[in-house]
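Notes follow once the structure below has been shown.
The values are calculated or read from the model by the stated rules, or taken from the named source; none is laboratory data. Not measured: the values here are computed from a predicted model. Quick reminder, even Gly has a Cβ in these numbers, built from the backbone with ideal geometry, and neighbours come from all protein chains shown.
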Amino acid sequence: MADSLDNLDWAAISIHAYRQRWHDAQGAPEHQGVECRLAEPPAIGVPTIMLQGAEDRDNLPITSENKEEYFTSRYERHLLPGVGHFVPREAPKAFVDAIKNIVYGSSTT
């Protein structure tokens with residue numbers, strides 16, 4: 001990774017990657033086929049609890065809304081007030097409780 005920082009195009013490529021992620025820039029035409037296939041996510045068939053920090057500025061909370069249709073098994077989304085991007089570090093109890101909830105099948109909170 002450190003060697004990559006010495007490339008003259010590193011900053012431009014990194015900024016473009018974020019712009020594309022947030023639909024503010026086009027991807028490379030040669031990757032369009034892969035992009036189309038990845039745009040059709042498969043159904044997720046394992047129990048899932050999604051923990052989202054309400055103050056997350058890297059993956060905005062709105063991006064995790066209304067995802068139930070992608071899950072064929074149990075799915076829960078919890079928006080955690082006062083928590084940012086690093087849920088395990090910022091809310092360790094909520095993180096552990098969510099794991100226990102999945103493993104043991106009942107809420108521990």
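Data overview
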{"item": "Residue that is farthest from Trp22 (Cα to Cα), among those in the range 48-95 that are β-branched (Val, Ile, Thr) and without any contact (Cβ under 8 Å) to a residue 12 or more places away in the chain", "result": "Ile62"}
{"item": "Residue count for the range 62-91, restricted to those that are in a loop (DSSP other than H, G, I, E, B), surrounded by 13 or more Cβ atoms within 10 Å (Cβ to Cβ) and either among the basic types (Lys, Arg) or at pLDDT below 95 (or both)", "result": "1"}
{"item": "Condition check for Gly27: over 17 Å from the mean Cα position of the chain (by Cα) and not aromatic (Phe, Trp, Tyr)", "result": "yes"}
{"item": "Hits in the range 22-47 (condition: surrounded by 10 or more Cβ atoms within 10 Å (Cβ to Cβ) and not in a loop (DSSP other than H, G, I, E, B))", "result": "His31, Gln32, Val34, Glu35, Ile44"}
